[in-house]
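Read through the structure below, which is laid out as structure tokens, and then see the notes.
The values are calculated or read from the model by the stated rules, or taken from the named source; none is laboratory data. Every value quoted in this text rests on a predicted model; they were computed, and no experiment measured them. Here the Cβ is made from the backbone with ideal geometry for all residues, glycine too, and neighbour counts use every protein chain on show. Side chains included, ligands, DNA and RNA excluded: accessible areas come from the protein's heavy atoms. Shrake-Rupley method; radii C 1.70, N 1.55, O 1.52, S 1.80 Å.
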Amino acid sequence: QLTGSLPPAESLSQLHQRWQKYYLSLQSNLGVRQRKAIEIEEEDVTHGSIEEFHSVSRLLQRQLNLWLSVETFAGIERKLRTVLNVEDAVQLIVEVDQPALRSFPWHLWNFLEDYPKAEIGLSRFDFGRVKAKRRRKKKVRVLAIFGSSKNINVKADKAQLEQIMDAE
């Protein structure tokens, strides 16, 4: 477990909200049905081009990665790069205490480009750990279904299964 911190990022938050508005505007312009009603304020984006959306998307990605490169957080990335192999299947869990941060596009973090088998998950700080249940049965349970015994020696198959050690 590695711990770091990120500074407040009001401009990044505003850019993210702008990106969301473009996204919703394009979604409605392309005729995609919306699941919930959206209130549009006067200063909100009510129309936009795909080019504008892509421009804001690229800006959001750059700003996000600049934010994640601050020294108080960059140490995490450096440490991960020293202990992980680029071919490793990696599950990163980022614990964040602000709900708005959980909606950020963490998958755009440059670190993930170098680790194609990595995935990122988000969690709250106050999650509870689940205790693993220990199985008391040490025997493997085998279910065998024998059909018609016509032209097949099912007795030999049954005898072979019964000889498996530590099986029920």
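When the residues of region 17-57 are narrowed to those that are at pLDDT 75 or above, within 25 Å of the chain's Cα centre (by Cα) and hydrophobic (A, V, I, L, M, F, W, C), which ends up least open to solvent (accessible area, probe 1.4 Å)?
V56
Quick check: is even one residue across region 111-122 under 30 Å from K21 (Cα atoms), open to solvent by less than 100 Å² (accessible area, probe 1.4 Å) and part of a helix (DSSP H, G or I)?
yes
Quick one: in region 74-110, of everything that is open to solvent by 40 Å² or more (accessible area, probe 1.4 Å) and among the β-branched types (V, I, T), which residue is modelled with the lowest pLDDT?
That would be I93.
Looking at region 1-23, I want the residues that are touching a residue at least 24 places away in the same chain (Cβ under 8 Å) and have a partner that is hydroxyl-bearing (S, T, Y) with Cβ atoms under 6 Å, at least 6 apart or on another chain. Which pairs are those?
Pairs found: G4/T72; S5/T72.
Name the single residue that is farthest from L101 (Cα to Cα) among those in region 123-146 being assigned to a loop (DSSP other than H, G, I, E, B) and at pLDDT 80 or above.
Here the answer is F146.
For region 58-73, give me each residue that is open to solvent by 50 Å² or more (accessible area, probe 1.4 Å) and either in contact (Cβ under 8 Å) with a residue 60 or more places away in the chain or touching a strand residue (DSSP E or B) at 6+ places or on another chain (Cβ under 6 Å) (or both).
Passing the criteria: only T72.
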